[in-house]
Amino acid sequence: MLVKTYGSAVFGVEATTITVEVNIDKGIGYHLVGLPDNAIKESSYRISAALNNNSYKLPGKKITINMAPADLRKEGSAYDLTLAIGILAASNQIKSEKVGDYLIMGELSLDGSLQPIKGALPIAIKAKEEGFKGFILPKQNAKEAAIVSDLKIYGIENITEVINFFDEKAELEQTIIDSRAEFYKDLDNPEFDFSDVKGQESVKRSMEIAAAGGHNIILVGPPGSGKTMLSKRLSSILPPMTLQEALETTKIHSVVGKVKESGLMNQRPFRSPHHTISDVALVGGGQYPQPGEISLSHNGVLFLDELPEFKRSVLEVMRQPLEDREVTISRAKFTVTYPSSFMLVASMNPSPSGYFNDPDAPVTSSPAEMQRYLSKISGPLLDRIDIHIEVNPVPFEKLTEERQAEPSKIIRTRVTKAREKQSERFLELENVHYNAQMSVKQIRKFCVLTEESKTLLKNAMERLNLSARAYDRILKVSRTIADLEGVPDISSNHISEAIQYRSLDREGWLG
């Protein structure tokens, strides 16, 4: 008897429906075809044990299973339940009338219980598109899949629940969540808040500007000055995600199995990989491509602590994603694209010893060591960082202040208003939503300077020995400062503040 059940494979952040054809005939054998990987080939042992432990069995006949389309590589153990239900239906151990109406996925334990799968959200989206009546999957993934409206989601704990459902002995409980309620839940309770930060007013101001314009930022300061603490709080002042952004972000995290049981992600992600990370782990890829850290940072923040300690090759592969805001990974038979629109936040010591320009600490690094250390950051990468800010240690008097600093919620309100102005400005432009994304042509159009501002900028570039690459960055940042003030024109005080945020362009740093 031939029976068809349905599963799904995830490529990139999109799912493809897999038809599992199970045929049982005279003879003895178990034949699984359709480019399955080793995890799928081993499924027969898990299925056999799970069925035996729940009073069912693998039929002692010739079982042929085809996973179509046969030229598409299938991987992972999430097809266990799909195969098991197909075998039971084809051997007449359960009724087969309804098995083709549902998309079925789940990894089986030997006792028949279900283990969570990866990619539940993109699979659910595809199931809805293809008109399935429902999606049967492990209970741990049910809330994640239930984000998709107009699709019945059944979270199960054991294979017997599915068997009883198809045999019409019991009903499955449908998982229903209110996506909008989940989206707004705990939105104003970030894990890290700027109210915890003592002092550092100038650095907090620069981070507010970076958040308002979507600018990449690098913090330069000695150990213990608070670079990491400040960076962890940047995502708390970014504008709240839209529902569409939340869905995009959840899809990417779903593919790698990093979505919490609560379902929809409503907080912007903050990723902080170790400096020993490989090129593939950062950008994505592998034999079976998976998203890397820059895609997991989509719509959020990627924090690179101690930037010069990262391998030069790792930093260089980031340049294209920073420009294009997506990563394309090509293989011989297919190509996958992952979104990667993130804010880069980096930190570094000013020298190998960490105390360059500190009058209270001896300089223990030679000029040659300094040059080697700073040259690890290439000019093209630095070109993509709009704001450089020096972070100094906090004085004892500031640390012991009892007055609470301004909370993230208030800063976020100002940032959100500035972003709204930018959304209106770029309404007719594609792929430009905030100031950091402006091209040279758009800078000339939206960053018009007065004669006074031009003179100030010209003098600053000559006196401070600013590089030519700093010019456009200063204009972008000054446009954001004006937006935060709620004024339409860029004035000389906006330019003068933006000039302060180009520390690494000055002679004596990376020169």
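The values are calculated or read from the model by the stated rules, or taken from the named source; none is laboratory data. All values derive from a computational prediction rather than experimental measurement. A quick note on method: Cβ atoms are made from the backbone with ideal geometry, for glycine too, and the neighbour counts reach across all protein chains shown. Accessible surface is based on the protein model in full, side chains and every heavy atom, while ligands, DNA and RNA are left aside. Shrake-Rupley method; radii C 1.70, N 1.55, O 1.52, S 1.80 Å.
As a summary of the residue check, residue 302 satisfies the conditions (1) assigned to a loop (DSSP other than H, G, I, E, B); (2) without any contact (Cβ under 8 Å) to a residue 60 or more places away in the chain; (3) open to solvent by less than 10 Å² (accessible area, probe 1.4 Å) except for the one numbered (1).
The residue pairs whose first member lies in segment 133-154 and is in contact (Cβ under 8 Å) with a residue 24 or more places away in the chain and in the same structural domain as residue 8 (by the TED database), whose second member is assigned to a helix (DSSP H, G or I) and open to solvent by 10 Å² or more (accessible area, probe 1.4 Å), and whose beta carbons are closer than 6 Å, counting only pairs six or more residues apart or on different chains, are 133/101; 147/179; 148/125; 148/128; 151/128.
Just for segment 485-496: of the residues that are without any contact (Cβ under 8 Å) to a residue 60 or more places away in the chain and under 15 Å from residue 209 (Cα atoms), which one is most open to solvent (accessible area, probe 1.4 Å)? Steps first, please.
Filtering segment 485-496 for residues without any contact (Cβ under 8 Å) to a residue 60 or more places away in the chain gives 485, 487-496.
If we keep only those that are under 15 Å from residue 209 (Cα atoms) too, we end up with 485, 487, 490, 493-496.
On the way: 485: 101, 487: 51, 490: 4, 493: 79, 494: 4, 495: 0, 496: 47 Å².
Filtering first and then ranking leaves 485.
In segment 7-22, of all residues being open to solvent by 10 Å² or more (accessible area, probe 1.4 Å) and of a type in the set (Ser, Thr, Tyr), the one that is nearest to residue 289 (Cα to Cα) corresponds to 16.
Right, residue 114: of a type outside the set (Ser, Thr, Tyr), crowded, with 21+ Cβ neighbours inside 10 Å, farther than 26 Å from residue 24 by Cβ and touching a residue at least 40 places away in the same chain (Cβ under 8 Å) or not? No; evaluated as a whole, the condition is false for this residue.
Tell me, please, whether a residue that is surrounded by fewer than 21 Cβ atoms within 10 Å (Cβ to Cβ) and in contact with a Phe, Trp or Tyr (Cβ under 7 Å, 6 or more places away or on another chain) can be found in segment 287-298. No: zero hits.
Report those helices (runs of 4 or more DSSP H) wholly inside segment 390-451 carrying at least 2 residues which are surrounded by fewer than 17 Cβ atoms within 10 Å (Cβ to Cβ) and not assigned by the TED database to the domain that holds residue 215. Break it down stepwise before answering.
Numbers: elements: 396-399, 408-425, 440-446.
Those helices (runs of 4 or more DSSP H) span 408-425, 440-446.
Among the criteria (1) aliphatic (A, V, I, L, M); (2) more than 25 Å from residue 14 (Cβ to Cβ); (3) part of a loop (DSSP other than H, G, I, E, B), the one residue 264 does not fulfil is (2).
Based on this model, can you work out whether residue 182 counts as within 30 Å of residue 322 (Cβ to Cβ), modelled with pLDDT under 85, of a type in the set (D, E, K, R) and open to solvent by 30 Å² or more (accessible area, probe 1.4 Å)? Can you show your working first?
Details: within 30 Å of residue 322 (Cβ to Cβ): no; modelled with pLDDT under 85: yes; of a type in the set (D, E, K, R): yes; open to solvent by 30 Å² or more (accessible area, probe 1.4 Å): yes.
Taking the combined requirement at face value, the residue does not satisfy it.
For the structure I just gave you, tell me whether residue 428 is at pLDDT 90 or above and of a type in the set (Asp, Glu). Against the criterion (at pLDDT 90 or above and of a type in the set (Asp, Glu)), residue 428 does not qualify. Based on what the data block shows, is residue 202 more than 26 Å from the chain's Cα centre (by Cα) and at pLDDT below 95? Judged against the criteria, residue 202 is a match.
Answer with yes or no whether residue 241 is assigned to a loop (DSSP other than H, G, I, E, B), crowded, with 24+ Cβ neighbours inside 10 Å and modelled with pLDDT of 85 or more.
The answer is no for residue 241.
Select from segment 68-89 the residues that are surrounded by fewer than 24 Cβ atoms within 10 Å (Cβ to Cβ), free of Cβ contacts under 8 Å to residues at least 60 places away in the same chain and within 24 Å of residue 156 (Cβ to Cβ) and list them in ascending order. Result: 76, 77.
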